[in-house]
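For reference, the structure discussed in these notes is given below.
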Amino acid sequence: MRSFGIPDDIQQYVVDHLDTDPIAAQLATATRERFGDLAGMNIGEDQGRFMQLLVEATGARTIVEVGTFTGMSALWLARGLPTDGRLICFDLVDTYLETAMEAWTAAGVADRIDMRIGPAADGLAQLPDEPHVDLAFLDADKGGYRTYLDLLLPRLTERGAILVDNVLWSGRILDADATDDNTVALRDFNDHVAGRDDCESVILTLGDGVTLIRPRRGHATPA
Ligand SMILES: C[S@@+](CC[C@H](N)C(=O)[O-])C[C@H]1O[C@@H](n2cnc3c(N)ncnc32)[C@H](O)[C@@H]1O
């Protein structure tokens with residue numbers, strides 16, 4: 001668990017006050033054992049708990065996730081859903097699915113999760129056109145965020161919202177020497193979101209930076 005830029009003692013205080021979860025801990029361990037440093041892509045437990053609570057507080061019933069990996073964020077999102085709720089997950093590859101399924105099954109949420117393999121832009125475009133998504137979580141290729149946002153906004157329900165991960169990119173967002181594709185894409189995305197007059201948004205300094213986006217009330221969502 002880590003939140004970028006938060007001093008270690010403050011982070012420890014947060015951990016000490018978190019109701020930790022054995023299944024999430026086991027999934028983090030399995031991910032590290034099987035996929036090494038890629039385990040850093042799992043969201044932290046503080047972010048996971050926040051997302052579960054957000055799902056419960058908003059009463060979300062249909063959630064879309066873009067970028068599932070070994071299923072850590074999906075585990076927390078699915079836990080917040082009612083038993084007849086649905087989490088539609090997109091990932092480019094099925095390499096990590098077995099690990100994810102172990103955790104989802106152990107948590108009793110596997111039957112709420114609809115895993116779809118392939119490019120997320122294609123999968124999102126095939127979702128029904130009408131508003132039916134209560135919450136979306138973006139955590140995949142950073143260059144695709146803008147496309148995913150545009151595909152999801154018209155599909156959001158009245159009270160729907162989108163969470164976007166890694167928007168601070170471990171601080172590289174502010175590093176003038178960082179000109180790699182992901183950093184540039186995230187800078188463009190953050191500026192784009194802040195400049196949209198049809199959306200309200202806030203960057204939370206949670207994890208690696210998480211933006212919460214909602215269509216502005218009284219403003220038609222783009223077709
Ligand atoms: C940061 S990881 C997701 C971590 C996950 N949310 C978690 O908390 O464990 C990003 C994932 O996005 C997937 N991905 C990358 N490009 C994609 C695309 N175009 N469409 C769908 N998934 C993609 C990768 O395969 C990878 O598993």
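The values are calculated or read from the model by the stated rules, or taken from the named source; none is laboratory data. All values derive from a computational prediction rather than experimental measurement. All Cβ positions, even for glycine, are placed from backbone atoms using ideal geometry, and neighbour counts span all protein chains on display. Each accessible area value is taken on the protein alone, full model and side chains, heavy atoms only, with ligands, DNA and RNA left out. Shrake-Rupley method; radii C 1.70, N 1.55, O 1.52, S 1.80 Å.
Figures for the structure shown
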{"read-out": "Pairs, first closer than 14 Å to residue 21 by Cβ in the stretch 67-86, second among the hydrophobic types (A, V, I, L, M, F, W, C) and near the ligand (Cβ under 6 Å from one of its atoms), C-beta under 6 Å, six or more apart", "value": "72/43; 73/43"}
{"read-out": "Helices (runs of 4 or more DSSP H) enclosed by the stretch 1-86 - at least 1 residues per element that are among the hydroxyl-bearing types (Ser, Thr, Tyr) and open to solvent by less than 10 Å² (accessible area, probe 1.4 Å)", "value": "22-35, 72-80"}
{"read-out": "Count - residues of the stretch 93-126 that are among the hydroxyl-bearing types (Ser, Thr, Tyr), within 8 Å of the ligand (Cβ to nearest atom) and buried (at least 17 other Cβ atoms within 10 Å of the Cβ)", "value": "1"}
{"read-out": "Odd one out for residue 89, checked against (1) surrounded by fewer than 21 Cβ atoms within 10 Å (Cβ to Cβ); (2) within 15 Å of the chain's Cα centre (by Cα)", "value": "(1)"}
{"read-out": "Candidate set: the stretch 128-141, residues that are open to solvent by 10 Å² or more (accessible area, probe 1.4 Å) and within 17 Å of residue 78 (Cβ to Cβ); chosen: the one nearest to the chain's Cα centre (by Cα)", "value": "139"}
{"read-out": "Residues of the stretch 1-51 classified as hydrophobic (A, V, I, L, M, F, W, C), modelled with pLDDT under 95 and more than 17 Å from residue 208 (Cβ to Cβ), total", "value": "1"}
